[in-house]
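Chemist: Below is one structure. I have some questions about it.
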Protein chains: 2
Amino acid sequence: MGRLQTFDHGVVVQAARDLFWNKGYDAASLADLEAATGLGRSSLYHAFGSKRGLFDAAVTDYLETIIRPRLSGLRSGATDASALLDYFGSLARATAAQASDSVQIGCLLVNCAAGLAAHDDPSRAVVEGYRIELSAALRHALVSASVAAPAAAAAPIDANAVLDERVRTLASLSMSAMLIARVNRTEAIALLNTASNQVRVWFPGPTH
Amino acid sequence: MGRLQTFDHGVVVQAARDLFWNKGYDAASLADLEAATGLGRSSLYHAFGSKRGLFDAAVTDYLETIIRPRLSGLRSGATDASALLDYFGSLARATAAQASDSVQIGCLLVNCAAGLAAHDDPSRAVVEGYRIELSAALRHALVSASVAAPAAAAAPIDANAVLDERVRTLASLSMSAMLIARVNRTEAIALLNTASNQVRVWFPGPTH
DNA sequence: TATATAGTAAAACGATCGTTACAAAACCAG
DNA sequence: CTGGTTTTGTAACGATCGTTTTACTATATA
C-alpha cells in the first residue's frame, strides 16, 4: 500500500458534474475542472484516466443522485395519481427554486447529450437508457393510478394504446421542460404544470 | 468595382447550415466548413466576418427555409384540424425518410442551442423566438379547428386555459421529438404520431 | 528505518482551434 | 491599357485544448 487519497472521491465527482451540467462537456475545460474540484491535472488523470472518464463518472453520479431518486416515487409511490402529481410538482418546484445563476439548470443529459450523442454511440446509449427508464417509471405510475381509479366511463377500446400515448405525452413534457429550462424557466414550469393538469384530467378524484 | 463573387451566397450558407445541423457549432471546425462550402478561409471571413457570423447566417436561413415553410400551413391552412394533422404528419414523414447518416436530423436549433444558449444571450433569444413562433402557429391552428368544430359537449369552463394546455402539449411533443431524433428515430416518430392522435381526440370528425 | 506504492506538483507536449496578415490574382470603370 | 477595388490562396499567428512526462512527496507495510 501507499499514500491514501486526501480528497473525497464523491465530492470531486459532484463538483465536476455541476460544472458539466452548467457549461456542457466541450466548454468545460480542464482548467475549469481543476478550479471546480480543487485538484490538479495529475490527480484528476490519476483518478479518472481522462476528461471523458471524469465525465462518465459525473453522468453516473447524476443518474444515481438526481434522476433515480426522482423516479423512485413513480415506481414505489402511492397507488393513485398522487405519485405522478408529486413527481411533476416537485420537478416544477425545483425548477422554480433554482436561481438563474444556479449551476443546476435543466438536465445534465439534455444539456450535454444533444452535443455528444450526435456522433458518440456510448453517449447515445446513456441518453436512450434514461429515456427508457423515465418512460417505464411513468408507465408504472399510470397503471397504478388506473387500477386505483378504474376506467371512468366506457371500457377503453385499446387500453394499451391509450397507455402508450399517455406515457409519451408525459415523458415529452418532462423532456421538453428540461430542454427549455435554460431558455425560459417560467415556460418550463408551465410545461410541468401542464403535465400535472393532464394527470388530473385523466384521473379525477379526491386526490386533488 | 472590383472582382465579383464566384460563389452563390445561398448555396454556401446552406452547406454551412447542414454542417452545423449535423455536427453542432463547436464540433464544426473551420477546416470542415472549408470542405463543406468549397471556399477558403479568406472567402469565408471576407463574406461572413467570423465563424459565428456564418453560423448566424445559417440559423437565419434555417428559420426561413425550413421552419417557416413548415409553420405556414398552421397559419394559413385549412380551418379544421387537418392543418395540424398535416403538420405533424409531414414532420413524421420527414423524420422517417431521413437516412441515419443524413446531415439533417432533428432540429438545428435544438441540436446547437442547447450548447450555445447556456451562456450566450443572442442564441437564447433566437431559441426563445422560435418557441414563441411555434406556439403561436399551433395556437392559431387550434382556434381555427375549434371554430370549425364547436365544443363537442358542455361549454368549456375556461376555454383559454384549455387552449394554453393544448398548445403546450403539442409544442412539447414537437420539441421533444426533435430532441431525441438523433438518439432514437422511431421514438421521435412515435411522439409526432401521438400528437396527431391527440388532435384527433380533440377534434373528432370526418376529416380523418 | 527501509522500501514499495500511490498521490501531487509543475511543466511541457503536440495538436487543433479561430483569426489575421500579406500578397497574388481577377475583374470593373475610366 | 491602366488604376483601383475586390476576391482568393497561402501561411503564419497566438491561444487554448487534452494529454503526457518527469520529478517529488507522503504514507502503509515489512
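Chemist: I need to check one value: relative contact order of segment A:100-203, counting alpha carbon pairs closer than 8 Å and at least 6 residues apart, in percent. Could you put the intermediate results ahead of the total?
Modeler: Numbers: 60 pairs, mean separation 32.3, N = 104.
Here the relative contact order equals 31 percent.
Chemist: Within segment B:40-129, which trypsin sites (Lys or Arg not before Pro) sit in a loop by DSSP and count at most 15 neighbouring Cβ atoms inside 10 Å?
Modeler: Of the trypsin sites (Lys or Arg not before Pro), not one in the loops of segment B:40-129 has a Cβ with at most 15 other Cβ atoms within 10 Å.
Chemist: Where in chain B are the DSSP H helices whose C-alpha atoms run 30 Å or more along the long axis and whose mean Kyte hydropathy is at least -0.5? Mind showing how you got there, number by number?
Modeler: Details: long enough: B:121-148 (40 Å, 0.35); B:159-180 (32 Å, 0.75).
Within chain B the helices that satisfy the rule are B:121-148, B:159-180.
Chemist: Let me have the 222 nm mean residue ellipticity of chain B computed from DSSP H runs of 4+ only, each contributing -39500 (n - 2.57), with the sum over all residues rounded to the nearest 500.
Modeler: The per-residue figure over chain B is -22500 deg cm²/dmol.
Chemist: Just A:SER135, A:SER72, A:SER102 to compare: in a GNM of chain A, with alpha carbon springs under 10 Å, which one fluctuates most?
Modeler: Result: A:SER102 has the largest fluctuation of those listed.
Chemist: While we're on this one: Give me the log10 of I(q) over I(0) for segment B:98-195 at q = 0.12, 0.14, 0.22 Å⁻¹, as the Debye formula computes it from C-alpha points; what are the numbers?
Modeler: Log10 of I(q)/I(0), two decimals: -0.51, -0.66, -1.14.
Chemist: Could you list, bin by bin from short to long, the percent of Cα-Cα pairs of segment B:47-161 in 10 Å steps?
Modeler: 12, 34, 31, 17, 6, 1, 0
Chemist: Continuing with this model, one more query. Per residue, how much space in cubic angstrom lies within the convex hull of the C-alpha atoms of segment A:9-202?
Modeler: Details: hull volume 22.6 nm³, N = 194.
Cα-based convex hull of segment A:9-202, divided per residue, equals 116 Å³.
Chemist: While we're looking at this one, here's another question. Whole Å is fine, so just give me how far the alpha carbon centre of segment B:156-204 lies from that of segment B:10-34.
Modeler: Centre-to-centre (Cα) distance: 30 Å.
Chemist: Same structure again: Relative contact order of segment A:9-202, please, whole-number percent, based on alpha carbon pairs below 8 angstrom and at least 6 residues apart. Show your work: numbers first, answer last.
Modeler: Details: 187 pairs, mean separation 50.5, N = 194.
Computed over segment A:9-202, the figure is 26 percent.
Chemist: Rank these for me by crowding, A:CYS107, B:CYS112, going from fewest to most other beta carbons within 10 Å.
Modeler: Numbers: A:CYS107 22, B:CYS112 27.
Least crowded to most crowded, the residues run A:CYS107, B:CYS112.
Chemist: Could you work out how far the C-alpha centroid of segment A:41-72 sits from that of segment B:81-116, in angstrom?
Modeler: 32
Chemist: If you don't mind, there's one more thing I want to ask. Mean-square fluctuation check for chain B, GNM, Cα pairs under 10 Å: which of B:ALA57, B:ALA159, B:ALA145 is largest?
Modeler: It is B:ALA159.
Chemist: Still on this structure: Among A:GLY106, A:GLY38, A:GLY24, whose mean-square fluctuation peaks in a Gaussian network model of chain A (Cα, cutoff 10 Å)?
Modeler: Answer for the Gaussian network model of chain A: A:GLY38.
Chemist: Now for a separate question. Based on the alpha-carbon set only, what is the convex hull volume of the protein assembly as shown divided per residue, in Å³?
Modeler: On the way: hull volume 73.1 nm³, N = 416.
It comes to 176 Å³ per residue, whole-number rounded.
Chemist: Under a straight-distance cross-link criterion of Cα-Cα below 19 Å, which lysines are reachable from B:LYS23, leaving out those fewer than 8 residues away in the same chain?
Modeler: A:LYS23, B:LYS51
None of the figures in this text is laboratory data; all of them are computed from the coordinates on show. Fair warning: this is a prediction, and the values are worked out from it, not measured in the lab. Don't worry about glycine lacking a Cβ; one is built from the backbone with ideal geometry, like all the others, and counts go over all protein chains shown.
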